[in-house]
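Below you'll find the structure, written out as structure tokens, and then a few comments.
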């Protein structure tokens, strides 16, 4: 009789154990699947975004640009002695220059052609070079070795650096920003440090202000990387990004 | 009367080629020897017509301007190639110059500038587009394109004006800061351009950086 109770208890115990185990395993599997799906969705979204940017930049460069240049050339071919007409032509030429300058900037912001041709490091150097003439922040890039990372990952790392730099310029009031990029055996490290006023990263993420930060997180997630932000009011901000290669 | 300069233009946009051809066809001392829509066509066209100057877009399908430039200069070392760039992509311009192009123009350059560029390269001078940024200037200086250092003596006053030109001061502003008349400053400017054998401010900046008359830091 005692044995029977024992056996029944053990059996029920095992059954409950199996059910619990099954339940736990399912939850873990479900969670993993969820995470994977989430990442796939993010990747799809970002890929669409980047492709669209590339397409628009291409259109500006290949269709609108040459057309405008041609209009300007044609206007330059008009010969007139009438002072008023000359002025109108000159002014219109200047406007076309202005349009082209604006388009150049838009195209660059959409997708710097250097990234495709020369890779991450050159693109970052160029990006910083452009800003160092105009932005109030002095940006220094530190890179010790050549960086070799897969093409499809480069765009995300570049966008993250861009986002950090833009955040620093827009919100931190910093005077200096250091960016370090290094490639170690099987991972890429991006570290930045500014001397600005800092912020409460957690609070920022929760508020709608943190759109840029969320985009940073999404890109880190796509790359299966780790993003750490260390910031305190008045103590500057540090970003660490670690990406497995 | 010297024989007219023979030109070939290469660009994958027909409209732009037409515009350029129309403008060039009205110049008395130039003739258009041919047009090409990509690098491959350009090679064939140059081999067939043997022009003096080629205006070539950097970005073209099949074979880009950089590749075509390398090949053409091996076959025709005296050929003068001017790069055309739509959006001043600095890295591409530097690559094209390193490949052997003699100068470059942005595609929104006006008639006079295009003619200036052609005249410069025919005389074996480099030509840098008027809109050259400081970043591009310093990239060109660091590249293995720009010519070797030269020993030309400049007076203190000239050196001072060179610095101001590099900093994009107008003749008026230079005059005010140096207590000289605008005319005097313009005279100095002309002499400096002549001495350096360049056509515009971009040329002065590149010359000054290369010969260390000014540092990159001073320009930023």
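General observations
- Look at B:166, B:129, A:143 and count the other Cβ atoms within 10 Å of each Cβ; fewest to most, that gives A:143, B:166, B:129.
- The length gained on full extension between residue B:133 and residue B:157, counted as 0.36 nm times the residue separation minus their Cα-Cα distance, comes to 6.1 nm.
- FRET efficiency for the residue B:124 to residue B:172 pair, using the beta carbon distance and R₀ = 45 Å, is estimated at 0.85.
- Cα centroid of the stretch B:74-125 to Cα centroid of the stretch A:220-245, whole Å: 44 Å
- DSSP bridge orientation in the protein assembly as shown - percent antiparallel, rounded to nearest 5: 45 percent
- Each of A:154, B:186 was scored by other Cβ atoms within 10 Å of its Cβ. Listed from fewest to most, they are B:186, A:154.
- Comparing Cα centroids, the stretch A:1-56 and the stretch A:102-148 end up 42 angstrom apart.
- Once the C-beta distance of residue A:118 and residue A:80 is scaled by a Förster radius of 35 Å, the resulting FRET efficiency is 0.20 to the nearest 0.05.
- Measuring nothing but how far apart in sequence close Cα pairs (under 8 Å, 6+ apart) lie, relative to its length, chain B scores a relative contact order of 14 percent.
- Taking the stretch B:156-219 and dividing mean pair separation by its residue count, relative contact order in percent (alpha carbons under 8 Å, at least six apart): 37 percent
- For the protein assembly as shown, the Kirkwood hydrodynamic radius from C-alpha pairs, put into Stokes-Einstein at 25 °C and a viscosity of 0.890 mPa s, yields a diffusion coefficient of 94 µm² per second.
- Residue separation of residue A:32 and residue A:88 scaled by 0.36 nm, minus their Cα-Cα distance, works out to 13.6 nm of gained length.
- Pairs of Cα atoms nearer than 8 Å and 6+ residues apart set the relative contact order; for the stretch B:114-220 it is 39 percent.
- DSSP beta bridge pairing in chain B, given as percent antiparallel to the nearest 5: 0 percent
- Using alpha-carbon coordinates, inclination of helix A:83-110 to the longest axis of chain A, degrees: 20 degrees
- Residue order, fewest to most beta carbons within 10 Å, for A:141, B:97: A:141, B:97
- Computed lengthening from residue A:10 to residue A:109, 0.36 nm per intervening residue step minus Cα-Cα distance: 28.9 nm
- Using the Cβ-Cβ distance between residue B:218 and residue A:166 with R0 = 30 Å, the FRET efficiency computed as 1/(1 + (r/R0)^6) comes to roughly 0.65.
Quick note: the coordinates plus some simple rules give every number you see, no bench work behind them. Remember, it's a predicted structure, so these values are computed and weren't measured experimentally. A quick note on method: Cβ atoms are made from the backbone with ideal geometry, for glycine too, and the neighbour counts reach across all protein chains shown.
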